[in-house]
Structures are given as C-alpha cells and as structure tokens.
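All remarks here apply to the structure that follows.
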Amino acid sequence: MLTLQILKRELQGDVVLLTLADATGAELPAFTAGAHIDLHLTDDLVRPYSLCGDPADRYCYQLGILKDSQSKGGSLAAHALQEGESVKVSLPRNLFALDEGAAHSLLIGGGIGITPMLAMAAELHAAGRVFSLHYCARSRPQAAFVAELEKAPWADRVWLHFSDEQRIDLPAVLSDVPANTHVYVCGPTRLMEAVSEQANAAGYAAENVHQECFSAEVEVSGKAFDVVAATSGITVRVLENQTIVEALAQAGLKVCVSCKQGICGSCLTDVIEGEPDHRDSYLTDEEKADGDQILLCCSRAKSARLIIDL
Ligand code: FES
C-alpha cells in the first residue's frame, strides 16, 4: 500500500483528473499500460481506477474519474478529495495488458473508458508500435481529454466520434485493419458488447479481443457448500445467499475485508482443497485457473466442500 499526495484538476464532462505523487518526490513502483490501482477512499470504500498517465513517468499516477450520479459513493467520494490531501492506494495491477505480439493495436474507449487507452497509446507510441485510437463520447463538450488527445505526439493516430455528430462505424473500424490486430475496448456495456459482437462477426480470434470492465455488481449467490477453515478448526455451511465471509462471521471467525466486491484483494486466502467458483475481478485468469487462492468476500465453491488456510 502507498500513501500519495493529490493534485487535482477539473476536466470537462464532469471528470476530475487526480495526479498522485509521493510527498518526498520519490519514484513510484512501475506500471504497464492497462494497469489500475485501488483507491482507498474510506476504510470500507475501495474503488479501482485505470491509470491514464504515461507509464514512462515514474513520479506520478494519474486517474480520470467521472462524477457518476448512479454511483454507490465511490466516484462522489473521489470527487470530494482535496488538493494536497493524502490518499492510500494499492500497488498497480494489470488485468488489461497489451499483447506484445499484436501487429496492430486497435484501442476503443467510450466515455470515461478512454482512460486506460491514454496509457496504452503512450506506451505503444514509445515502443514504435502500430496502433489506432477511437474515442467515442456523446458530444465534444462532454468529452474529457480531447485537448490532451489533440496535442499528443501520436495525435495522428486518434479518431474522435461524437454521437451528436457521427457515431463510430464499428464494422468499418474493425475490418479495415491488418491481420493479427488486437482490439481493446473499455466503456459502457453496450459499446463493449457491440465491439465484441462485431469483432466476432469480422473473424477476430477470441484472444485478440480484450475488455476492461470494473463491475461493482458482483453476483455472490449460488448453491450452498461447506467451508472448512483448517487452521481454526471451524466448518461452516455457506447458504445460497450468503458469502463465505458472512458464514464464517456467524461462527465467530472474522475475515479482514475492505471493498467486499472482489476488487481489492484484502480477503485473499489460500485454498487447500476443493474447487473455487471465482466471482472477483482481482485475480488474473491464470491465477483463477490455478485454483489455489480465493477471495472470500464474493467467490464461492464449485465443489461441495472447500478447505481454506484460515
Ligand atoms: S474485501 Fe476486497 S476483495 Fe474481498
């Protein structure tokens, strides 16, 4: 965990740009494009945000955060942060990394989903790799980062699509590309679904289509199962609408939790036996496939019994 100081700038479209730096000016842990950090807004309010700054800049992390009226508190709390204040953040973690072998990277950001694409474009440009970036927004006045895109050294690789002028022509954008193009999309669900469908129709391999979605809506219910906390010698039944954390708490075993949404990793626990049913967005696909760790706040078991190291 890092404690960083805030610089704050309001952008158009109800977006705030937070620049987080060490108070002593020290270098920060490196990150690669597509990475996010978890912002600890209060003790039990933790939200992941994509890093939108240049990964080559080792002295700050930048986050673009939309003020969302539907928010459950995260974006409003982030907008309420004050310049000069300190905030705790996790180390960067990348679940949306660029594929090194892509002949062409097609970046599509919708609304605030432009943020990871900014870091991706900077990294691809620095590496001399071929890419194009499409930014979709409702209108120019509601689109943050337009000025940054227009003055970027890679501005000639950027296409802007405003719904009140002309919407993106996805079939054309997805088909007018070289072989082994990888497409990256982040934004509203309907944009991500449309890109995924069109990419499928255009013959993209599934592994060439990458999506970033941070969902605060985790489905935590499912079939009941037993959990054995091996070290504590406690066995509990986890009911259909209960989480493992809740079932263990009823038996007097408290698990340290923070986000309760499978985002922050606070409740990560080793699995000794049994098959986890992962519901989190913290573990990578490879880590999930290993099956030897589980997030107790939201994940469940596919097997009738799960033995955990607790
Ligand atoms: S409490 Fe954050 S992942 Fe479980």
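No value in this document is a laboratory result; all are computed from the given coordinates. Computed from a predicted model, the values in this text were never measured in an experiment. Heads up, the Cβs are rebuilt from the backbone with ideal geometry, glycines too, and the neighbour counts pull from every protein chain shown.
Hey, what D do you get for the chain in µm²/s if you plug the Kirkwood alpha-carbon radius into Stokes-Einstein at 10 °C and 1.306 mPa s?
Numbers: Rh = 20.8 Å.
Rounded to a whole number, D works out at 76 µm²/s.
If you run the Gaussian network model on the chain, springs between alpha carbon atoms under 10 Å, then out of GLY187, GLY113, GLY73 the most flexible one is GLY73. With θ taken as phi - 60° and the Karplus curve 6.51 cos²θ - 1.76 cosθ + 1.60 applied, the whole-hertz 3J(HN,Hα) list for the stretch 249-262 is 4, 5, 8, x, 9, 8, 9, 6, 10, 9, 7, 6, 10, x Hz, x standing for glycine and proline.
In the chain, the longest principal axis of the Cα atoms and the axis of helix 189-201 are about 80 degrees apart. Is there a pair in LYS88/LYS260; LYS88/LYS288; LYS8/LYS88; LYS223/LYS260 whose C-alpha atoms are over 23 Å apart, and which pairs would that be? From the list (LYS88/LYS260; LYS88/LYS288; LYS8/LYS88; LYS223/LYS260), the Cα-Cα distance tops 23 Å for LYS88/LYS288.
Of the GluC sites (Glu not before Pro) found in the stretch 99-165, those that fall in a DSSP loop while having at most 16 other beta-carbon atoms within 10 Å are GLU100, GLU165.
Near the amide H of ASP226, within less than 5 Å, lie the amide hydrogens of VAL238, ARG305, LEU306, all on another chain or at least 5 residues away, with H placed in the peptide plane.
Taking amide H atoms as placed 1.01 Å from N in the peptide plane, the amide H of ILE272 lies under 5 Å from those of ILE307, ILE308, ASP309, each 5 or more residues away in sequence or on another chain. Between the alpha-carbon centres of the stretch 1-48 and the stretch 130-177 there is a gap of 25 Å.
Across the chain, the mean sequence separation of Cα contacts (distance under 8 Å, 6 or more residues apart), normalised by length, yields a relative contact order of 15 percent.
Considering helices alone, the calculated mean residue ellipticity of the chain at 222 nm is -5000 deg cm²/dmol, with DSSP H runs of length four and up weighted by -39500 (n - 2.57) and normalised per residue.
Relative contact order of the stretch 2-94: 40 percent, from C-alpha pairs under 8 Å at least 6 residues apart in sequence. Please list 3J(HN,Hα) in residue order for the stretch 19-28, calculated via the Karplus relation 6.51 cos²θ - 1.76 cosθ + 1.60 where θ = phi - 60°; whole Hz, with x for glycine and proline. In residue order, the calculated couplings are 10, 10, 9, 5, 5, 8, x, 6, 5, 9 Hz. Summarising the amide proton neighbourhood of CYS52: residues at separation of 5 or more, or on other chains, whose placed amide H is nearer than 5 Å comprise GLN62, LEU63, GLY64. Qualifying chymotrypsin sites (Phe, Trp or Tyr not before Pro) in the stretch 7-82, where qualification requires a DSSP coil assignment and no more than 13 other C-beta atoms within 10 Å, comprise TYR59. Between the helical axis of 115-126 and the longest alpha-carbon principal axis of the chain there is an angle of about 60 degrees.
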